[in-house]
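For reference, the structure is listed below as structure tokens.
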Amino acid sequence: MPLSEIVEGYRQFIVDLDGCVWLGSTPIPGSVEAIGCLRGSGKRVAFATNNPRRGNRDYVRKLSGIGIPVSSEDVVGVCDAVTDALASSHTGSRAVVIGAPPLVEAVEAAGVRIAGPEDEEPADIVVVGGTEELSYDDLRSATLAVNAGAELFATGRDPTYPMPDGLWPGTGAIVAAVEYATGRSAQVIGKPEPNLIRAALRRMGEGRTLVVGDRLDSDVAAATSAGLDAALVLTGGTREDEVGPGSAPESLAVADSLLDLVQEGARYPLRALAGAS
Ligand SMILES: [Mg+2]
């Protein structure tokens with residue numbers, strides 16, 4: 001099957017995972033085939049995810065397990081970006097972390113110690129990421145630390161997290177609780193900031209690049225801040241009525257799914273993308 005005209009115009013692709021490739025543990029129909037088509041046509045593909053519930057090794061295993069063989073170089077996860085961001089500036093400090101074990105490990109990998117009840121001094125930083133194990137104790141510790149002067153970081157602001165039965169509360173919903181309680185605004189490390197996209201580009205090298213994601217406020221915004229074109233797929237966190245002509249950014253292509261984008265092209269090529277003319 002030949003590639004669509006839009007996709008043909010790009011040399012490489014940075015693809016989001018949740019809502020593009022899978023929903024929870026269920027692959028989105030056609031996503032494995034779509035990646036296979038791109039690679040089979042000589043395109044380079046990297047994956048960039050804001051989901052802090054897993055680490056890089058888990059993503060390599062999960063992608064390979066559904067039929068997309070990858071190495072750790074092919075996957076940029078937000079936990080790695082957290083380590084990079086904190087290692088340059090916060091080694092030796094103490095942190096309160098709200099998040100799953102991979103995020104805690106990422107903070108520790110930066111040389112940051114996790115604050116415990118025995119600590120008399122308040123923590124220096126608070127790091128918040130999506131988790132399904134949220135407790136009031138977590139919110140209280142984070143709030144007390146920020147109110148005592150700790151810097152507040154977040155892995156992202158995605159309000160929701162697409163799962164097979166609908167949209168679950170995402171990292172942004174938890175970050176909002178801490179921000180609301182403290183009146184402080186978090187520094188975001190993942191998308192919509194361009195860090196993950198830039199990390200993927202450093203690994204892939206130069207070349208005309210299309211970012212593919214399922215959210216305007218994280219994937220598309222990160223592409224824009226990195227100066228790249230973006231395509232939005234409607235298999236995750238965005239409904240069709242949110243991106244109809246007139247309401248979406250002009251530099252955006254919209255497709256029903258990753259497979260549709262790769263084989264049929266965009267449903268709304270609102271503007272000729274850089275590679276599509
Ligand atoms: Mg997503």
Practice problem: Grab the alpha carbons of the chain, take their convex hull, and tell me the volume per residue in Å³. | Solution: 120
Quiz item: How would you rank 137-145, 77-85, highest first, on the average number of other Cβ atoms within 10 Å across their residues?
Solution: 77-85, 137-145
Quiz item: Round to a whole number: what % of the accessible area of the chain belongs to carbon and sulfur, probe 1.4 Å?
Solution: 50
Practice problem: Would you mind checking the tilt of helix 56-65 against the longest principal axis of the Cα atoms of the chain, expressed as 0 to 90 degrees and rounded to 10? | Solution: 40
Quiz prompt | Peptide ranges 147-160, 112-125, 89-102 listed from the most packed, as the mean C-beta count within 10 angstrom indicates | solution = 147-160, 89-102, 112-125
Quiz item: With contacts defined as alpha carbon pairs under 8 Å and 6 or more residues apart, what's the relative contact order of the chain in percent?
Solution: 23
Practice problem: Measure off 7 Å from each Cα along the Cα-to-Cβ vector at Met1 and Arg208, then give the distance between these two points in nanometres to one decimal. | Solution: 2.2
Quiz item: To the nearest 10 degrees, how steeply does helix 171-182 sit against the main Cα axis of the chain, on a 0 to 90 scale?
Solution: 40
Practice problem: Grab the DSSP H runs of the chain that are 4 residues or longer, score each as -39,500 (n - 2.57), total them, divide by all residues and round the 222 nm result to the nearest 500 deg cm²/dmol. | Solution: -9000 deg cm²/dmol
Quiz item: What is the helix-to-structure angle for 31-40, meaning the angle in degrees between its Cα long axis and the longest Cα principal axis of the chain, kept from 0 to 90 and rounded to the nearest 10?
Solution: 60
Quiz item: Averaged per residue, what accessible area in Å² does the chain show with a 1.4 Å probe, protein chains only?
Solution: 43
Quiz prompt | Under Karplus coefficients 6.51, -1.76 and 1.60, residue-wise ³J(HN,Hα) of region 197-206 in Hz, glycine/proline x | solution = 5, 5, 5, 5, 5, 4, 6, 7, x, 6
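The values are calculated or read from the model by the stated rules, or taken from the named source; none is laboratory data. No experiment lies behind these values; they were computed from the predicted model shown. Positions of Cβ are generated from backbone atoms using ideal geometry, with glycine treated the same way; all protein chains shown enter the neighbour counts. These accessible areas exclude ligands, DNA and RNA; they are computed on the full protein's heavy atoms, side chains included. Shrake-Rupley method; radii C 1.70, N 1.55, O 1.52, S 1.80 Å.
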